[in-house]
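My structure is below; once you've seen it, I'll send some questions.
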Protein chains: 2
Amino acid sequence: MGIKALDYESLNENVKKVEYAVRGELYLRASELQKEGKKIIFTNVGNPHALGQRPLTFPRQVVALCQAPFLLDDPNVGLLFPADAIARAKHYLSMTPGGLGAYSDSRGLPGIRKEVAEFIERRDGYSSDPELIFLTDGASKGVMQILNCIIRGQGDGVLVPVPQYPLYSATISLYGGSLVPYYLDESANWGLDVNNLRESVAQARFKGITVRAMVIINPGNPTGQCLSEANLREILNFCHQEKLVLLGDEVYQQNIYQDERPFISARKVMMDMGQPISKEVQLVSFHTVSKGYWGECGQRGGYFEMTNISPQTVDEIYKISSISLSPNVPAQIFMGLMVNPPKPGDISYEQYVRESKGILESLRRRARIMTDGFNSCKNVVCNFTEGAMYSFPQIRLPPKAIEAAKNAGKVADVFYCLKLLEATGISTVPGSGFGQKEGVFHLRTTILPAEEDMPEIMSSFKKFNEGFMEQYEDVKI
Amino acid sequence: MGIKALDYESLNENVKKVEYAVRGELYLRASELQKEGKKIIFTNVGNPHALGQRPLTFPRQVVALCQAPFLLDDPNVGLLFPADAIARAKHYLSMTPGGLGAYSDSRGLPGIRKEVAEFIERRDGYSSDPELIFLTDGASKGVMQILNCIIRGQGDGVLVPVPQYPLYSATISLYGGSLVPYYLDESANWGLDVNNLRESVAQARFKGITVRAMVIINPGNPTGQCLSEANLREILNFCHQEKLVLLGDEVYQQNIYQDERPFISARKVMMDMGQPISKEVQLVSFHTVSKGYWGECGQRGGYFEMTNISPQTVDEIYKISSISLSPNVPAQIFMGLMVNPPKPGDISYEQYVRESKGILESLRRRARIMTDGFNSCKNVVCNFTEGAMYSFPQIRLPPKAIEAAKNAGKVADVFYCLKLLEATGISTVPGSGFGQKEGVFHLRTTILPAEEDMPEIMSSFKKFNEGFMEQYEDVKI
């Protein structure tokens, strides 16, 4: 028998090269343990509802009515749904004559793309064109689509922050391009130094790689830092000089836990800078309904907005969207609701504000509890989670632990995280899945477990860590 | 200013090579005309709800409740929802502790994959393993993912029926492989002759292409034929001899409009054939919630089932699924409902049967009205639509029309379809978008317009066609 196309030996090599740690060895082991009856705290993925966060009520009411439009003709509908949810459901249904069961345009419903454009305009103070906004099945799908357009082969490089969210490394591998790392500075609260960028580009050139695009994740994943306006200006100048497409992963823009650096979009900074930057830098910005105080991950809704991209390229991207016909329509409506929430005076306004503020304030407290908790542990140091949904503590592993990991055939941080999982049920992702400097070890955890569970989780972590460090400490007291 | 990565000139060439006619020139022109106020009948895409088909009530009730689980605690819920919809919503919510807002496993919810496996077992009489079933955002996404694993470069060929659904040609272009066409025989009701397959493979080899996979679309799109069991056996023998992965696009399995050849799955035939075929042919079968009497296109739900694929390859496919985290969860629930509909004795059973039978019987009548209508037109011949959702009439264009098209810079069938669109508002897809033999012209239309509108649409088509033929006929009477 010869080898067949779906035998491992003959698969597309780019597929095999992909690594995706967020759902990698740790996650698989955690799933096994869960099946065996162990209580697992899944902090490997930013998946708030899975850890008990309740969905916002108003958007769920609206989407439920859109799924069951016959309820709108029922005289009892007012007993279960408020009038503004009913009105809003009618508003969205009027945009899609076939309802949620009809494919939309491949870019998404025009009416919702218009609402997104209005949101961007309110946020940034610059008008936005709905024709340059495409709705997607989550932000990841949009990132993949754009990278597929950019990457022509191994000679094409994409600058990616390290530590990075593995969507980028995985997608660049899958499409056969080259990841060009630029290191964030842990000692400067994961700051981005433009000199590092220059060095990364120079090194890539030396290897024959043409750098074509740069990814920023703001707020950072897994690192949680918020980029300052000054830093964004430097980045935009750099992209302009180097003729790089800037991919702005801004999915955590609602998740800000400090007041010094509020979120500012790459697009706003670019427009503020004026010509030539504002007219020449190619920017694609990504957003989602999965993060923020929404956390509607399972709905798979997102968008990307293109700036300074020619109509001919937009047409090509549209054509590629067409192959899979349309993003899912219910999540398009979630996106409409996210960018156009209840307004003061609406029946559901107070509830909406109460729910969203409650989530955001609790996340802010949890960010603090987690960072402080890590910093109280032996051989653990952690920058404050300024934004996003993650803590990324450095674990200073003693040489004996690194040795023990080697003997077990594991990367040292994988070794640590596996032990943590077995001992406590806390499922994290080893720092090596995101990239880190040689010989430095981290783990990523979300700040999403319920606030009331946090103290116990942190004390369970602390206890494990102490035992671990004691076991592998060189000099015992 | 140099060229930037998202300038048209420097895009990934594979992206530029993609053609996707279903949403191509005709669709774009139709959208323009619609904006200008013209009434357009969109028969370019199999999008039943957009043409007035009502969704089935029970699944919408269940998904609405899953979106708004707080309704389950409302004492008035029974006024708007039947008890079995409430019970079913609880059943699905119990499978996803975070509800619809939580990412599921990247393969889909285990409980729903189990329901799919049970459906396959009931359908085929052979057990199915949920671990080999992956839920997807529609069947197209699954097809793209599998082709991405198979195609390593231009030297890899995929046998695709011609005429074909352009998902296949587009995806093969996008991933840089080679489409190897095999022609369906229009004079034998679009039958598949295995000798043609052999010839296609031989020709591909001569060009240095290794054929690695074969696509069948059963029932056919755009051609509407249903494959016989004997034909499927020949195909499976051929795949076995040639060591081809068989991709079974079976999304229209509910759409059957004759009694001679009921749908039979490739997997059942393969299992019936016994060893070595049943143990050696690699098969991936695709299904969806978008077609059948469901037509829930906008929800984007589907699955694929793998047979005779090694665990190591399944792990690779799982890893690739992980990059975009999870298929959308609401559509997973639609899939669960589709494979596990209300049973006799359930409160909603009769309504469910009445609605689904009503849709299917009407489609059957519409298939007949359309085929007969086309065959009553001058220079038009059309095989009966045995299954799926399309008619694919051959239009025998007079030489003068072909000449006029050439002068207008159009492919002849595009020229015809554009004139049809401008005159009648009927938006079809030219046969050249699906592939056809040199010098033979077709168009594809869905059979989905409302039954009561059918006579008018067909008479409007007939009138246009007569005028067209008269205008371009060589010898005028």
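The values are calculated or read from the model by the stated rules, or taken from the named source; none is laboratory data. Predicted, not measured: the structure shown is a model, and the values here were computed from it. So basically every Cβ, Gly included, is an ideal-geometry build from the backbone, and we count neighbours across all protein chains shown.
Those residues that are part of a strand (DSSP E or B) and polar (S, T, N, Q), I need them from segment B:359-401; list them, please.
Residues of segment B:359-401 part of a strand (DSSP E or B): B:380-381, B:387, B:390-391, B:394-395.
Passing the criteria: B:SER391, B:GLN394.
If you don't mind, there's one more thing I want to ask. Being out of contact with any Gly (no Cβ under 7 Å at 6 or more places or on another chain), more than 10 Å from chain B (Cβ to nearest Cβ) and of a type in the set (Val, Ile, Thr), is that true of even one residue in segment A:82-89?
We begin by selecting, within segment A:82-89, every residue out of contact with any Gly (no Cβ under 7 Å at 6 or more places or on another chain); these are A:82-89.
If we keep only those that are more than 10 Å from chain B (Cβ to nearest Cβ) too, we end up with A:82-84, A:86-89.
From what's left, of a type in the set (Val, Ile, Thr): A:86.
Among the residues of segment A:82-89, at least one is out of contact with any Gly (no Cβ under 7 Å at 6 or more places or on another chain), more than 10 Å from chain B (Cβ to nearest Cβ) and of a type in the set (Val, Ile, Thr), which makes the answer yes.
Given the conditions (1) at pLDDT below 95; (2) touching a Pro at 6+ places or on another chain (Cβ under 8 Å); (3) surrounded by 24 or more Cβ atoms within 10 Å (Cβ to Cβ), and given that B:GLY46 satisfies all but one, which numbered condition is not satisfied?
(2)
Moving on to the next point. Is it the case that B:ALA85 is crowded, with 17+ Cβ neighbours inside 10 Å, over 16 Å from B:PRO341 (Cβ atoms) and either of a type in the set (Gly, Ala, Ser) or not assigned by TED's automatic domain parsing to the domain that holds B:GLN299 (or both)?
On the way: crowded, with 17+ Cβ neighbours inside 10 Å: yes; over 16 Å from B:PRO341 (Cβ atoms): no; either of a type in the set (Gly, Ala, Ser) or not assigned by TED's automatic domain parsing to the domain that holds B:GLN299 (or both): yes.
No, not satisfied.
With surrounded by fewer than 21 Cβ atoms within 10 Å (Cβ to Cβ) and either of a type in the set (Lys, Arg) or farther than 30 Å from B:ALA102 by Cβ (or both) as the only criterion, which of B:ARG23, B:ARG60, B:ARG29 stands out? Spell out how you get there, then give the answer.
Values: B:ARG23 fails: surrounded by fewer than 21 Cβ atoms within 10 Å (Cβ to Cβ); B:ARG60 fails: surrounded by fewer than 21 Cβ atoms within 10 Å (Cβ to Cβ).
Answer to the check: B:ARG29.
Which one of these is under 29 Å from B:SER278 (Cα atoms) and either surrounded by fewer than 17 Cβ atoms within 10 Å (Cβ to Cβ) or in contact with a strand residue (DSSP E or B) (Cβ under 9 Å, 6 or more places away or on another chain) (or both): B:ILE309, B:ILE320? Steps first, answer last, please.
Working: B:ILE320 fails: either surrounded by fewer than 17 Cβ atoms within 10 Å (Cβ to Cβ) or in contact with a strand residue (DSSP E or B) (Cβ under 9 Å, 6 or more places away or on another chain) (or both).
Every option except B:ILE309 fails the conditions.
Which of (1) within 12 Å of another protein chain (Cβ to nearest Cβ); (2) at pLDDT 95 or above does A:PRO97 not meet, given it meets every other one?
(2)
Another question, then. Which pairs do you get when a residue that is over 24 Å from A:GLU296 (Cβ atoms), found in segment A:30-48, comes within reach of a residue that is part of a loop (DSSP other than H, G, I, E, B), reach meaning Cβ atoms under 7 angstrom, with the pair 6+ apart or on two chains?
That search, which allows pairs on different chains as well, returns A:LEU33/A:ILE40; A:LYS38/A:GLY425; A:LYS39/A:GLY425.
So, in segment B:277-301, of the ones that are within 8 Å of chain A (Cβ to nearest Cβ) and more than 15 Å from B:ALA50 (Cα to Cα), which residue ends up surrounded by the fewest Cβ atoms within 10 Å (Cβ to Cβ)?
Per the criteria, the residue is B:GLU280.
Residues that are in contact with an Asp or Glu (Cβ under 9 Å, 6 or more places away or on another chain) and within 15 Å of B:SER178 (Cβ to Cβ): does segment B:216-226 have at least one? Give the steps one after another, and end with the answer.
Within segment B:216-226, the first condition is being in contact with an Asp or Glu (Cβ under 9 Å, 6 or more places away or on another chain), and the residues that meet it are B:216-221, B:223-226.
From what's left, within 15 Å of B:SER178 (Cβ to Cβ): none.
No, segment B:216-226 contains no residue that is in contact with an Asp or Glu (Cβ under 9 Å, 6 or more places away or on another chain) and within 15 Å of B:SER178 (Cβ to Cβ).
So, one more: Test B:LEU448 against the criterion of being touching a helix residue (DSSP H, G or I) at 6+ places or on another chain (Cβ under 9 Å), crowded, with 21+ Cβ neighbours inside 10 Å and not hydroxyl-bearing (Ser, Thr, Tyr), and give yes or no.
Working: touching a helix residue (DSSP H, G or I) at 6+ places or on another chain (Cβ under 9 Å): yes; crowded, with 21+ Cβ neighbours inside 10 Å: yes; not hydroxyl-bearing (Ser, Thr, Tyr): yes.
Against the criterion (touching a helix residue (DSSP H, G or I) at 6+ places or on another chain (Cβ under 9 Å), crowded, with 21+ Cβ neighbours inside 10 Å and not hydroxyl-bearing (Ser, Thr, Tyr)), B:LEU448 qualifies.
Every residue, every condition in (1) among the hydrophobic types (A, V, I, L, M, F, W, C); (2) in the same structural domain as B:PHE286 (by TED's automatic domain parsing); (3) closer than 30 Å to A:GLY138 by Cβ; (4) touching a strand residue (DSSP E or B) at 6+ places or on another chain (Cβ under 9 Å), yes or no:
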residue: B:ASP137; (1), (2), (3), (4): no, yes, yes, yes
residue: B:VAL158; (1), (2), (3), (4): yes, yes, yes, yes
residue: B:GLY177; (1), (2), (3), (4): no, yes, yes, yes
residue: B:SER187; (1), (2), (3), (4): no, yes, no, no
residue: B:GLU199; (1), (2), (3), (4): no, yes, no, yes
residue: B:ARG205; (1), (2), (3), (4): no, yes, no, yes
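Which residue pairs have Cβ atoms under 7 Å apart, sit 6 or more places apart or on different chains, and have a first residue in segment B:53-72 that is under 16 Å from B:ALA83 (Cα atoms) and a second that is surrounded by fewer than 24 Cβ atoms within 10 Å (Cβ to Cβ) and charged (D, E, K, R)?
Note: pairs meeting the criteria are B:THR57/B:GLU355; B:LEU72/B:LYS90.
Kindly evaluate A:GLN351 against the criterion of being within 14 Å of another protein chain (Cβ to nearest Cβ) and surrounded by fewer than 18 Cβ atoms within 10 Å (Cβ to Cβ). Lay out the reasoning, then the answer.
On the way: within 14 Å of another protein chain (Cβ to nearest Cβ): yes; surrounded by fewer than 18 Cβ atoms within 10 Å (Cβ to Cβ): yes.
Against the criterion (within 14 Å of another protein chain (Cβ to nearest Cβ) and surrounded by fewer than 18 Cβ atoms within 10 Å (Cβ to Cβ)), A:GLN351 qualifies.
Suppose we filter B:LYS4, B:LYS90, B:LYS35, B:LYS16 for residues that are outside the structural domain of B:GLU316 (by TED's automatic domain parsing) and surrounded by 21 or more Cβ atoms within 10 Å (Cβ to Cβ); which single one remains? Show your work before the answer.
Working: B:LYS90 fails: surrounded by 21 or more Cβ atoms within 10 Å (Cβ to Cβ); B:LYS35 fails: surrounded by 21 or more Cβ atoms within 10 Å (Cβ to Cβ); B:LYS16 fails: surrounded by 21 or more Cβ atoms within 10 Å (Cβ to Cβ).
That would be B:LYS4, the only listed residue that is outside the structural domain of B:GLU316 (by TED's automatic domain parsing) and surrounded by 21 or more Cβ atoms within 10 Å (Cβ to Cβ).
Look through A:ASN328, A:ASN383 and report the one residue that is of a type outside the set (Ser, Thr, Tyr), buried (at least 18 other Cβ atoms within 10 Å of the Cβ), touching an Asp or Glu at 6+ places or on another chain (Cβ under 8 Å) and within 14 Å of another protein chain (Cβ to nearest Cβ).
Working: A:ASN383 fails: within 14 Å of another protein chain (Cβ to nearest Cβ).
It is A:ASN328.
May I pose another question? Quick check: is even one residue across segment A:232-252 of a type in the set (S, T, N, Q) and in contact with a strand residue (DSSP E or B) (Cβ under 8 Å, 6 or more places away or on another chain)? Write out each step before concluding.
First, pick out the residues of segment A:232-252 that are of a type in the set (S, T, N, Q): A:237, A:241.
Still in the list and also in contact with a strand residue (DSSP E or B) (Cβ under 8 Å, 6 or more places away or on another chain): none.
Checked segment A:232-252: no residue is of a type in the set (S, T, N, Q) and in contact with a strand residue (DSSP E or B) (Cβ under 8 Å, 6 or more places away or on another chain).
Consider A:LYS343 against the criteria (1) surrounded by fewer than 16 Cβ atoms within 10 Å (Cβ to Cβ); (2) in contact (Cβ under 8 Å) with a residue 12 or more places away in the chain; (3) farther than 26 Å from B:PRO330 by Cβ: it satisfies all of them except one. Which criterion is unmet?
It is condition (2) that A:LYS343 fails.
Listed here are the residues, each with its yes/no results for (1) free of Cβ contacts under 8 Å to residues at least 24 places away in the same chain; (2) surrounded by 15 or more Cβ atoms within 10 Å (Cβ to Cβ); (3) within 22 Å of the chain's Cα centre (by Cα).
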{"position": "A:GLY387", "(1), (2), (3)": "no, yes, yes"}
{"position": "A:ALA408", "(1), (2), (3)": "yes, no, no"}
{"position": "A:GLY433", "(1), (2), (3)": "no, yes, yes"}
{"position": "A:GLY439", "(1), (2), (3)": "yes, no, no"}
{"position": "A:GLU466", "(1), (2), (3)": "no, no, no"}
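For segment A:226-246, how many residues are in contact with a Leu (Cβ under 9 Å, 6 or more places away or on another chain) and closer than 17 Å to A:ASN196 by Cα? Steps first, please.
First pass over segment A:226-246, keeping only residues in contact with a Leu (Cβ under 9 Å, 6 or more places away or on another chain): A:227, A:231, A:234-236, A:238-239, A:242, A:244-246.
If we keep only those that are closer than 17 Å to A:ASN196 by Cα too, we end up with A:227, A:231, A:234-236, A:238-239, A:242, A:244, A:246.
Here the count works out to 10.
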